[in-house]
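One structure below.
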Amino acid sequence: MNFKRSFVFGLLAGFALGAMAQTTPAWPTRGPIKLVAVFPPGGSVDQVARILQVPLQTALGQTVIVENKGGASGSIGAAAVAAAPADGYTFAVVFDTHGVNPALIPNLPFDSKKDLSPIVLVGTSPMVLATFAGSEYKTFADVVAASKAKKNVSYGSIGSGSLGHVAMTLLGKNMSVNGGIDWAHIPYKGGGPLMNDAVAGHVPLSIGSVFVTKPHIDSGRMRPLAVTSSKRSPDLPNVPTIAESGYPGFEAPAWWAVLAPAKTPPDILKRMNEALNGVLKNPDIAKKLDLQGIDVVGGSADAARVFIDKQMDIWAKVVKDNNIKAD
């Protein structure tokens, strides 16, 4: 009798395991797995996607490809991923504009919080407020003094509604000078055109990522005045933060993350998070990201979601309060 009972229990357990195997298929079973870089080739988002591509391919045992789908500050590529099948074969690599777009771009065809699931925060980077080598501004305090003296202080960013633009707007409003300082903003069509004019002194100040600014600092053609991170950048250890320059608590980091369509099965999201964290812990990959001015973060999907949601909430208020419009 005991034998029969054990046989029946074993048979039932086998059926149960078989049913579980059928409802939770292995992933990935095929390729390619697509990383959609939401900006054109050549920029930091494209670079991050391609740095992750090969080691991720090794970790998952399937082909990984990068597809560039730029436009509308990254929202076109993000929309494509939000609408893609939630089967673990399409992911987005996004930039900090993903945290500004919901407030900046009317009628987005997707809900940034509900239709996309953060998998991992790849890393962050300070932005650098800089000036050309022959500028009268030697320190950030000189910029503040000129602003208080009602001089026409203008700065360039990579575009209206970019993180640099909204960060400088927030900083200006935080200054206790007759209700704040309204710096004149000059939008450019990307980091290349901005740096061309900044190096030549056609625009007195620039706000841009370490990635686009540091080569010109290293060549001596640009002078860094402050960084927007909460701590000094390891890439620019002698450059003070805006927070330590008299504006405690100020922080506006650039960041990069990997997202998935919202209905992607939890097991796949977990496996992808584990694979990406393994890649980010690889010293060679960390070094490549560091050369782009990116400080690796990694960690859980929940931590990534908390960070991104906070960014959306912060910049939504700045955009609304200051009536900031996209280009």
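The values are calculated or read from the model by the stated rules, or taken from the named source; none is laboratory data. This structure is a prediction, so every number in the text was calculated from the model and none was measured. No Cβ is skipped: glycine too gets one built from the backbone with ideal geometry, and neighbour counts run over all protein chains shown.
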Matching strands (runs of 3 or more DSSP E) fully within the range 103-193 where at least 1 residues are more than 18 Å from the chain's Cα centre (by Cα): 127-132, 154-157, 184-187
Subset of the range 122-158 that is among the aliphatic types (A, V, I, L, M) and crowded, with 24+ Cβ neighbours inside 10 Å - its residue that is nearest to V199 (Cα to Cα): A130
Might you let me know whether the range 66-78 holds any residue that is out of contact with any Gly (no Cβ under 8 Å at 6 or more places or on another chain), of a type in the set (V, I, T) and either surrounded by fewer than 23 Cβ atoms within 10 Å (Cβ to Cβ) or more than 26 Å from D295 (Cα to Cα) (or both)? yes
Just to be sure before I move on: is Y188 modelled with pLDDT of 95 or more, surrounded by 14 or more Cβ atoms within 10 Å (Cβ to Cβ) and of a type in the set (F, W, Y) in the structure I sent? no
Among the candidates T213, T264, which residue alone is among the polar types (S, T, N, Q) and within 30 Å of G61 (Cα to Cα)? T264
If I filter the range 278-295 for residues that are over 17 Å from the mean Cα position of the chain (by Cα) and small (G, A, S), do I get at least one hit? yes
Selection within the range 273-297 - touching a Gly at 6+ places or on another chain (Cβ under 7 Å) and among the hydrophobic types (A, V, I, L, M, F, W, C): L280, L289, I294, V296, V297
Restricting attention to the range 199-239, which residues are of a type in the set (D, E, K, R) and farther than 14 Å from F140 by Cβ? K214, D218, R221, K231, D235
Considering only residues of the range 82-100 that are surrounded by fewer than 24 Cβ atoms within 10 Å (Cβ to Cβ) and of a type outside the set (A, V, I, L, M, F, W, C), which is nearest to K69 (Cα to Cα)? T90
Condition set surrounded by 16 or more Cβ atoms within 10 Å (Cβ to Cβ), of a type outside the set (V, I, T) and touching a strand residue (DSSP E or B) at 6+ places or on another chain (Cβ under 8 Å), scope the range 300-327, selection nearest to Q47 (Cα to Cα): answer is A304
Answer yes or no as to whether Q47 is at pLDDT below 95, within 17 Å of V279 (Cα to Cα) and polar (S, T, N, Q). yes
